[in-house]
1. When you scan the range 318-329, do you find a residue that is in a loop (DSSP other than H, G, I, E, B) and closer than 23 Å to residue 411 by Cβ, even just one?
2. Restricted to the range 269-287, and to residues that are small (Gly, Ala, Ser) and within 16 Å of residue 424 (Cα to Cα), which residue is nearest to the chain's Cα centre (by Cα)?
3. Which condition does residue 420 not pass, out of (1) in contact (Cβ under 8 Å) with a residue 40 or more places away in the chain; (2) open to solvent by 10 Å² or more (accessible area, probe 1.4 Å); (3) in the same structural domain as residue 309 (by TED's automatic domain parsing), if it passes all the others?
4. Name the residue that is nearest to the ligand (Cβ to nearest atom), counting only residues in the range 56-85 that are surrounded by fewer than 20 Cβ atoms within 10 Å (Cβ to Cβ) and outside any strand (DSSP E or B).
5. Hey, among the residues in the range 232-248 that are surrounded by 19 or more Cβ atoms within 10 Å (Cβ to Cβ) and over 21 Å from the mean Cα position of the chain (by Cα), which one's nearest to residue 54 (Cα to Cα)?
6. All but one of (1) within 16 Å of residue 208 (Cβ to Cβ); (2) within 10 Å of the ligand (Cβ to nearest atom); (3) of a type in the set (Ser, Thr, Tyr) hold for residue 408; which doesn't?
7. Can you name the number of the only condition in (1) more than 14 Å from the ligand (Cβ to nearest atom); (2) of a type in the set (Ser, Thr, Tyr); (3) assigned by TED's automatic domain parsing to the domain that holds residue 426 that residue 342 fails?
8. Against the conditions (1) under 18 Å from the mean Cα position of the chain (by Cα); (2) surrounded by fewer than 20 Cβ atoms within 10 Å (Cβ to Cβ); (3) not charged (D, E, K, R), where does residue 203 fall short? Just the number, please.
Amino acid sequence: MGGRALILKRIPTVEEKSLVPRHQTEVIVVGAGLAGLTAALELMSHQVSFVLLEARDRVGGRVYSRAEDGVVVDYGAQWVSSKQPRMTELLRRFGLTTTPTHTEGRVFYELLGRRRASASGTPPLPAPSLLDVLRLRKRLRDLERRIDLQAPWKSKEAEQWDAVTLRSWLDRTMFSKYGKALYEVIAEEALCGELGEFSLLDAVWSSASCGGHDEILTAEQRWIAEGAQALPERMAAALGDSVRLNAPVRAVEWTEHSVTVRTDREAWEGKRAILAMPPTFAGRILYDPALPYLRDQLTQRAGQGAVMKFIVAFEKAFWRDAGLSGEAYMDQGPIRLTMDSSLPGRGKGVLTALATGKGARTLGLLRREERQAVVLRSLSVPFGAEALRPIAFHEKDWMSDPWSRGGYAAHIPPGVLTQLGPALLQPVGPIHWAGTETATVWRSYMEGAVQSGERAAAEVLRAIRP
Ligand SMILES: Cc1cc2nc3c(=O)[nH]c(=O)nc-3n(C[C@H](O)[C@H](O)[C@H](O)COP(=O)(O)OP(=O)(O)OC[C@H]3O[C@@H](n4cnc5c(N)ncnc54)[C@H](O)[C@@H]3O)c2cc1C
């Protein structure tokens with residue numbers, strides 16, 4: 001091999017296997033996002049030996065911050081809610097603080113070309129549309145109450161809800177065009193996709209897992225002052241040299257009682273493995289023997305949403321002078337949501353903008369300068385011509401990131417959860433699954449990732465320390 005890594009595109013031959021160093025441990029955790037880091041910390045607290053293998057040259061996965069001109073910029077996850085007990089506790093444990101999101105001022109809405117700003121917390125819709133929205137919320141709350149959070153495929157109406165997309169359900173549930181436009185823009189942003197891409201069952205499971213539609217509205221309440229990636233970095237520091245970066249896992253060989261996990265350079269043998277990554281990525285690993293077909297078919301179908309995040313800095317938060325909060329919802333153009341992310345006391349103004357679904361996919365095809373111009377034009381709709389003159393423009397295309405290929409998380413089309421849903425969580429022999437996609441609280445969020453890591457570690461502990 002002459003020191004070069006062996007890139008596995010197939011299960012290695014007996015001779016190739018003998019060429020790589022082999023190590024023993026009890027548990028191999030794959031993926032150093034919040035799910036994998038949480039699982040590893042749990043194992044460590046129970047004196048279980050483990051290694052944490054991460055493909056990238058950094059920890060954090062979809063949590064990624066970088067210092068730009070002396071200011072930490074969150075390119076991935078950013079906000080937390082006081083309704084998220086695990087994140088609240090983790091931030092406290094690792095000595096991190098949060099800043100309340102600036103919300104003073106009017107919220108801007110552009111729906112079907114109609115532009116309005118509202119100070120009251122109530123969306124500025126014609127009265128019949130508002131009634132329609134209130135009716136929809138009631139319907140949703142009702143659906144959320146009836147779903148089985150641990151196993152949505154077992155819910156009484158699962159078949160019925162899994163047979164339709166969120167789009168078709170909305171079309172037949174709402175009567176007002178502005179009411180529908182409002183819900184669409186909120187859902188497209190929250191789910192990072194077009195409403196025809198996922199089943200009603202998946203959408204209701206997601207919102208119910210957060211405690212309902214009203215709780216989701218708290219999701220952007222606060223942000224992590226030190227930058228969100230400070231959390232995974234501090235968690236990794238606590239794990240010491242058990243964390244191995246630049247170690248993409250290519251193959252997993254397993255029996256009922258043991259598992260061997262192969263990177264390009266090493267093989268790790270253990271009793272159990274936790275694969276803490278989106279289902280799509282778990283599906284790209286080679287397994288020997290092959291996984292049960294239900295699991296494989298699930299990973300073929302549960303793809304990532306589409307998102308690009310933009311962080312745009314200005315000399316000052318000029319929108320505040322105009323009485324605007326910086327929060328805007330728009331269904332025209334590629335940007336669905338903007339929020340004020342200005343650092344308190346720094347003078348500068350910062351807007352975070354999220355393009356999701358079709359908007360993100362279209363923007364991703366443009367050259368950077370063209371994209372910047374389109375994004376700034378979108379920002380000028382709520383905030384005026386000053387939005388065309390930023391002092392800094394940062395962007396992250398999560399769809400092109402080789403170890404995420406989209407975000408915020410996976411969402412699932414009709415017909416999948418009812419047929420293949422159990423395979424999302426069910427261990428296969430010694431292999432356990434984690435990642436926010438497997439969460440039953442705050443699915444798609446950091447809180448969900450942490451819960452999934454706790455759950456997978458608990459499964460492993462039950463198996464190896466009965
Ligand atoms: C733009 C954006 C904004 C977001 N905003 C928020 C927010 O404000 N608040 C919030 O709560 N959530 C937010 N999220 C969602 C949040 O980031 C995720 O829910 C959470 O970080 C997922 O953590 P995870 O550990 O499940 O997965 P990941 O973070 O994806 O971790 C999986 C890890 O596995 C690694 N990996 C994959 N395959 C392999 C392999 N074969 N071998 C080794 N390693 C592998 C990956 O490199 C990655 O590090 C956002 C996401 C995005 C993309």
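The values are calculated or read from the model by the stated rules, or taken from the named source; none is laboratory data. Fair warning: this is a prediction, and the values are worked out from it, not measured in the lab. Reconstructed Cβ throughout: ideal geometry from the backbone, glycine too, with neighbour counts over all protein chains shown. These area figures cover heavy atoms from the full protein model, side chains too; ligands, DNA and RNA do not enter into them. Shrake-Rupley method; radii C 1.70, N 1.55, O 1.52, S 1.80 Å.
1. From the range 318-329, those in a loop (DSSP other than H, G, I, E, B) are 322-323; that's our starting set.
In the following step, the residues that additionally are closer than 23 Å to residue 411 by Cβ were identified as none.
No, the range 318-329 contains no residue that is in a loop (DSSP other than H, G, I, E, B) and closer than 23 Å to residue 411 by Cβ.
2. The first filter runs over the range 269-287 and keeps only residues small (Gly, Ala, Ser), leaving 270, 273, 276, 282-283.
If we keep only those that are within 16 Å of residue 424 (Cα to Cα) as well, we get 273, 276, 282-283.
Values: 273: 22, 276: 13, 282: 16, 283: 18 Å.
My answer is 276.
3. If we test residue 420 against (1) in contact (Cβ under 8 Å) with a residue 40 or more places away in the chain; (2) open to solvent by 10 Å² or more (accessible area, probe 1.4 Å); (3) in the same structural domain as residue 309 (by TED's automatic domain parsing), just (3) comes out false.
4. Kept after step one, since they are surrounded by fewer than 20 Cβ atoms within 10 Å (Cβ to Cβ), are these residues of the range 56-85: 56-58, 66-72, 82-83, 85.
Add one more test, that the residue is outside any strand (DSSP E or B), and what stays is 56-58, 69-70, 82-83, 85.
On the way: 56: 4, 57: 10, 58: 8, 69: 21, 70: 22, 82: 13, 83: 11, 85: 13 Å.
Filtering first and then ranking leaves 56.
5. So, considering only residues that are surrounded by 19 or more Cβ atoms within 10 Å (Cβ to Cβ) and over 21 Å from the mean Cα position of the chain (by Cα), the one nearest to residue 54 (Cα to Cα) is 247.
6. Single failed check for residue 408: (1).
7. Every listed condition holds for residue 342 apart from (3).
8. Just one mismatch for residue 203, condition (2).
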